[in-house]
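To start, the structure itself, in structure tokens.
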Amino acid sequence: MEKFSLLHTHLRRRRIACVDNEFRPGRAKAALLSQAHCPQYVSAMVNGTLDAKALRRMGLPWSEALLKRSCIAPMGTLMTTQLALENGIACHLAGGTHHAHYDFGSGFCIFNDQVFAVRQLLDRGVVNKVLMFDCDVHQGDGTAAMLADEPRAFTCSIHCEKNFPVRKMRSDLDVELPLGMTDQDYLDTVFSTLESLLKSEQPDLVLYDAGVDIFQHDPLGRLHISEQGIADRDRGVIVRCRSRNIPIATVIGGGYDDDREALARRHAIVIEQAFALQVERSSAGNTRGQ
């Protein structure tokens, strides 16, 4: 869990995150979470009464700290989508809990922040169509299952075929990658998939899961993507959305490493790429105005 604070510290040191562009979400109440999740499951999580089987499936021991973070993260992703709709792009320094299902947690994921945020936007009529573009190395099974009957949300998961979860759900589009895939083949797949979906779905918003567990040395990844490949992916995804004036909200997704500082720097890549592109766009606008 310490990677979240380390990520923030890293971005502060680089002067990418500052008081002028930081926003802090509140904590979602049980009633609000129950608009996306099973009320009985939410109640059990909030009250700390999950049984041993549920905790094993979740993969984490219950604690007040876990509960607090799990209730804040969905609000953070919702806030990020709202800021993206206002500004074109926004990045959440957490989020991507795509293994959480309607009535149970799984794979270190408690509540599905992306589904929660999209449900709120759709139910309020803020957007008409959202593209869930998930590039975590693991399939977004919870997201796929929870949005299976929602035609206004298109779920796409680009993931390693032989990896968690063993039992995959059916996304609107699943792109399964072979073990050991390297940078160029990976980037070609990601970009061609995204370009096709932006054209066919014409979303009002892209919610991008920028998981870094695709990294070649990630212990849970099983692909062979370099850090430069991650940077090229994130920049390419953002550029393709913004060139079409489609707002994009990013979440950090999965990433695992005993070197927490290195992991935080890896998670920072998508925010660094977004920041650099915003600076470039601003500079280009100023040049045209002179």
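For a Förster distance of 25 Å, can you work out the FRET efficiency between the beta-carbons of Leu60 and Gln184, rounded to the nearest 0.05? Display every interim value, and only then the final one.
Details: r = 36 Å, r/R0 = 1.45.
Here the calculated transfer efficiency is 0.10.
Let me spell out the model: positive unit charges on the Cβ of Lys and Arg, negative unit charges on the Cβ of Asp and Glu, origin at the Cα centre of the range 1-129. What dipole size does that give, in debye rounded to 20?
Numbers: 16 positive and 9 negative charges, 54 e Å.
About 260 debye.
Percent of Cα-Cα pairs more than 27 Å apart in the range 2-289, please.
Numbers: 14491 of 41328 pairs.
Distances greater than 27 Å cover 35 percent of the Cα pairs.
When the Cα centres of the range 181-243 and the range 89-112 are compared, how far apart do they sit, in Å?
Computed from Cα coordinates, the inter-centre distance equals 19 Å.
Excluding Pro219 itself, what net charge comes from residues whose Cβ is under 10 Å from its Cβ, given Lys and Arg +1 and Asp and Glu -1? Write down the numbers at each step before the final one.
Working: positive: Arg222; negative: Asp213, Asp218, Asp257, Asp258.
Result for the local shell: -3.
Work out the charge dipole of the chain with +1 on the Cβ of Lys and Arg and -1 on the Cβ of Asp and Glu about the Cα centre, then indicate which of Ala84, Ile214, Leu60 is farthest towards its positive end.
After comparing all options, I get Ala84.
Of the beta bridges DSSP finds with both residues in the chain, what % are antiparallel, to the nearest 5?
Details: 1 of 24 bridges.
Percentage antiparallel, nearest 5: 5.
Taking one equal scatterer on every alpha-carbon of the range 208-251, how large is log10 of I(q)/I(0) by Debye at q = 0.15, 0.27, 0.28, 0.33 1/Å?
Here log10 of I(q) over I(0) equals -0.41, -0.91, -0.95, -1.11.
Round to the nearest 0.05 the FRET efficiency obtained for Arg12 and Gln40 when R0 = 45 Å and r is the Cβ-Cβ distance.
On the way: r = 40 Å, r/R0 = 0.89.
Efficiency, rounded to the nearest 0.05: 0.65.
Which GluC sites (Glu not before Pro) in the range 1-98 pass both tests, a DSSP loop state and at most 11 other beta-carbon atoms within 10 Å? Can you show the working numbers first?
Working: sites: Glu2, Glu22, Glu64, Glu86; in loops: Glu22.
Here the GluC sites (Glu not before Pro) that fit, given the DSSP loop and packing criteria, are Glu22.
Please state the relative contact order of the range 2-289 as a whole percent: Cα pairs under 8 Å, 6+ residues apart?
Values: 528 pairs, mean separation 55.9, N = 288.
With pairs under 8 Å counted, the relative contact order is 19 percent.
Given +1 on the Cβ of Lys and Arg, -1 on the Cβ of Asp and Glu, and no further charges, what dipole in debye does the range 2-289 carry about its Cα centre, rounded to the nearest 20? Walk me through the numbers on the way to the answer.
Values: 33 positive and 36 negative charges, 150 e Å.
Result for the range 2-289 is approximately 720 debye, rounded to the nearest 20.
Rank Phe108, Leu194, Leu7 by how far each Cα sits towards the positive end of the charge dipole of the chain (+1 on Lys, Arg Cβ; -1 on Asp, Glu Cβ) and give me just the farthest.
The Cα lying farthest towards the positive end belongs to Leu7.
So if each residue of separation counts as 0.36 nm, and I subtract the Cα-Cα distance between Ala30 and Val239, what length gain in nm does that give? Show your work: numbers first, answer last.
On the way: separation 209, 0.36 × 209 = 75.24 nm, distance 3.68 nm.
Residue separation times 0.36 nm, minus the Cα-Cα distance, leaves 71.6 nm.
Rule-based calculations on the coordinates, nothing more; no lab input. These figures come from a predicted structure and were not determined experimentally. When we count neighbours, we look across all protein chains shown, and the Cβ atoms used for this are built from the backbone with ideal geometry, even at glycine.
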